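For reference, the structure discussed in these notes is given below.
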Amino acid sequence: MDKHIIYGVHVTNRMNKAPNVQQLFSEYGCNIKTRIGLHDVGKDFCSSSGVILLEMFGDEAVCEELRKKLAAIDGIEVQQMIFDHD
């Protein structure tokens, strides 16, 4: 891949959406180089939403397929950053 692709996946209602999202992460696991999960927590608080950052690897079309499948899940928003390598 001649591009560096990063996806930001915003998950609302984490407890209900997590199984669907995790299933796709497992299915496309060989295309996910790095995965970082972020959500708000505190002494008496745990957010029901979160953001997952994905650094992608491999065939760009396969990465785009994952992005589209994630975005098709109700309550999931996907943003992307693409850096070209010359």
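Comparing 45, 57, 25 in a Gaussian network model of the chain, where Cα atoms under 10 Å apart are tied by springs, the biggest mean-square fluctuation is seen for 45. Here's the list of aspartates and glutamates a cross-link from residue 68 could span, going by alpha-carbon distance under 20 Å and ignoring same-chain residues fewer than 8 apart: 27, 55, 59, 60, 77. Model label points for residue 84 and residue 41, set 7 angstrom from Cα along the Cα-to-Cβ axis, are 4.1 nm apart. Divide the volume of the convex hull around the Cα atoms of the stretch 22-69 by the residue count and you get 80 Å³ per residue.
Using Cα-only point scatterers and the Debye equation, what is log10 of I(q)/I(0) for the stretch 3-84 at each q in 0.13, 0.15, 0.17, 0.19 Å⁻¹, rounded to two decimals? Here the Debye-derived log intensity ratios amount to -0.39, -0.51, -0.64, -0.78. Applying 0.36 nm per residue to the separation of residue 15 and residue 61 and subtracting their alpha-carbon distance, the gain on full extension is 13.6 nm.
No value in this document is a laboratory result; all are computed from the given coordinates. Keep in mind that this is a model prediction, so the values were computed, not measured. Virtual Cβ from ideal backbone geometry, glycine too; neighbours counted across all protein chains shown.
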